[in-house]
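Engineer: My questions will all concern the structure given below.
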Amino acid sequence: MERLARWARAEWGPLYAAVRARLRERRLRAAPMTAGAVCLTALLQYAQNQPWGYRLVQDAGAVRAEDPLWQALSRTPLSLFVPALDLPVWGALAQVLFVFGISEVCLGRWRALAVAYVATLAGTLYARIGIALGPHAPFGLPASDALVVDTGPSAAVVGLAVYVAWRYGAHATVGAVTSAMVVEVLLKENLAGKEHLAALMGVGALCLAAALRHRRAGRLLPAAPPEPGAAPPPLRP
């Protein structure tokens, strides 16, 4: 038990300390973007289940690979907050509250939104590439997936979870989330699962770019100050 506790402190201790310090300093004011995201997700879920709101939400935030690229890109920002119609909305709201909240506290609202957008955009663009490759190619998709709506907030949640865990040294968590997404694809090979993997690859590219930039800058310059509103990053050896 003591060994498990030591492992948990090593894995999540820096992240927990950052979140705790920021919440103690600002309390509920630490995550206004997250509060807005939860409310917007709930509002869009309610609207798309109403006769008057379904078409409005679809036209504003539902992204499909069959859509023209310009139209898909214009809808992608709002698609982060449009939950899947066939899944319980409470699960999506809990994910957004927990993962977006931690990300906003640790990264700052604009960086958190940027990572979430990159993850969602990676899934959106992958769907088009996969359909172009065809079902018999590696990483290809059947043409019928062009009619399927993109994953909504889940790709952003997966991407943010991995990015924050990587930044705060929770490498086992990064591996666990990645493995879970791989198992999801192996057990149920659908568009959503493959878009989650694409989101992970997009965020992985961000992590690699950030690591290279910090390593290069760290040889010559002191560490840059954190983004206003963000918790300080963990100390790395």
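Engineer: Given (1) touching a helix residue (DSSP H, G or I) at 6+ places or on another chain (Cβ under 7 Å); (2) free of Cβ contacts under 8 Å to residues at least 24 places away in the same chain; (3) of a type in the set (Asp, Glu), identify the lone condition not met by ASP150.
Structural biologist: The failed condition is (2).
Engineer: Sticking with this one: When you check ASP59 against the structure, is it surrounded by fewer than 15 Cβ atoms within 10 Å (Cβ to Cβ), of a type outside the set (Lys, Arg) and either out of contact with any Ser or Thr (no Cβ under 6 Å at 6 or more places or on another chain) or part of a loop (DSSP other than H, G, I, E, B) (or both), yes or no?
Structural biologist: Numbers: surrounded by fewer than 15 Cβ atoms within 10 Å (Cβ to Cβ): yes; of a type outside the set (Lys, Arg): yes; either out of contact with any Ser or Thr (no Cβ under 6 Å at 6 or more places or on another chain) or part of a loop (DSSP other than H, G, I, E, B) (or both): yes.
Yes, satisfied.
Engineer: Only one of ALA65, ALA92 is closer than 23 Å to VAL148 by Cβ and not in a helix (DSSP H, G or I); which? Explain how you work it out, then say what you get.
Structural biologist: Values: ALA92 fails: not in a helix (DSSP H, G or I).
After applying the criteria, what remains is ALA65.
Engineer: Evaluate the following for GLU11: is it part of a helix (DSSP H, G or I), over 29 Å from SER79 (Cβ atoms) and within 21 Å of the chain's Cα centre (by Cα)? Steps first, answer last, please.
Structural biologist: On the way: part of a helix (DSSP H, G or I): yes; over 29 Å from SER79 (Cβ atoms): yes; within 21 Å of the chain's Cα centre (by Cα): yes.
It is true that GLU11 is part of a helix (DSSP H, G or I), over 29 Å from SER79 (Cβ atoms) and within 21 Å of the chain's Cα centre (by Cα).
Engineer: Take segment 157-176 and flag every residue that is touching a Leu at 6+ places or on another chain (Cβ under 8 Å) and hydrophobic (A, V, I, L, M, F, W, C).
Structural biologist: VAL158, VAL162, VAL164, ALA165, ALA170, listed by residue number.
Engineer: To continue, here is another question. Would you confirm, using the coordinates I've provided, whether ARG20 is surrounded by fewer than 16 Cβ atoms within 10 Å (Cβ to Cβ), under 22 Å from the mean Cα position of the chain (by Cα) and within 27 Å of ARG109 (Cα to Cα)? Steps first, answer last, please.
Structural biologist: Working: surrounded by fewer than 16 Cβ atoms within 10 Å (Cβ to Cβ): yes; under 22 Å from the mean Cα position of the chain (by Cα): yes; within 27 Å of ARG109 (Cα to Cα): yes.
Criteria met by ARG20.
Engineer: If a residue must be more than 23 Å from the chain's Cα centre (by Cα) and either within 14 Å of ASN190 (Cβ to Cβ) or of a type in the set (Gly, Ala, Ser) (or both), how many such residues does segment 132-155 contain? Explain how you work it out, then say what you get.
Structural biologist: Residues of segment 132-155 that are more than 23 Å from the chain's Cα centre (by Cα), as a first pass: 132-138, 142-144.
So of that shortlist, the ones also either within 14 Å of ASN190 (Cβ to Cβ) or of a type in the set (Gly, Ala, Ser) (or both) come out as 132, 134-135, 137, 142-144.
Adding up the residues that qualify gives 7.
Engineer: Of THR124, THR173, which residue is more than 15 Å from ASN190 (Cα to Cα) and polar (S, T, N, Q)?
Structural biologist: Numbers: THR124 fails: more than 15 Å from ASN190 (Cα to Cα).
Criteria check complete, one pass: THR173.
Engineer: Tell me whether segment 83-95 contains one or more residues that are among the acidic types (Asp, Glu), out of contact with any Asp or Glu (no Cβ under 6 Å at 6 or more places or on another chain) and either without any contact (Cβ under 8 Å) to a residue 40 or more places away in the chain or surrounded by fewer than 20 Cβ atoms within 10 Å (Cβ to Cβ) (or both). Step through it out loud before you land on a result.
Structural biologist: As a first pass, look at segment 83-95 and keep what is among the acidic types (Asp, Glu): 86.
Imposing the further condition that a residue be out of contact with any Asp or Glu (no Cβ under 6 Å at 6 or more places or on another chain) reduces the set to 86.
Subset that is either without any contact (Cβ under 8 Å) to a residue 40 or more places away in the chain or surrounded by fewer than 20 Cβ atoms within 10 Å (Cβ to Cβ) (or both): 86.
Scanning segment 83-95, I find at least one residue that is among the acidic types (Asp, Glu), out of contact with any Asp or Glu (no Cβ under 6 Å at 6 or more places or on another chain) and either without any contact (Cβ under 8 Å) to a residue 40 or more places away in the chain or surrounded by fewer than 20 Cβ atoms within 10 Å (Cβ to Cβ) (or both), so the answer is yes.
Computed from the coordinates by the stated procedures, all read-outs in this text should not be read as laboratory data. Here the structure is a predicted model, which is why all the values come from computation and not from measurement. Positions of Cβ are backbone-derived with ideal geometry, glycine not excepted, and every protein chain shown enters the neighbour counts.
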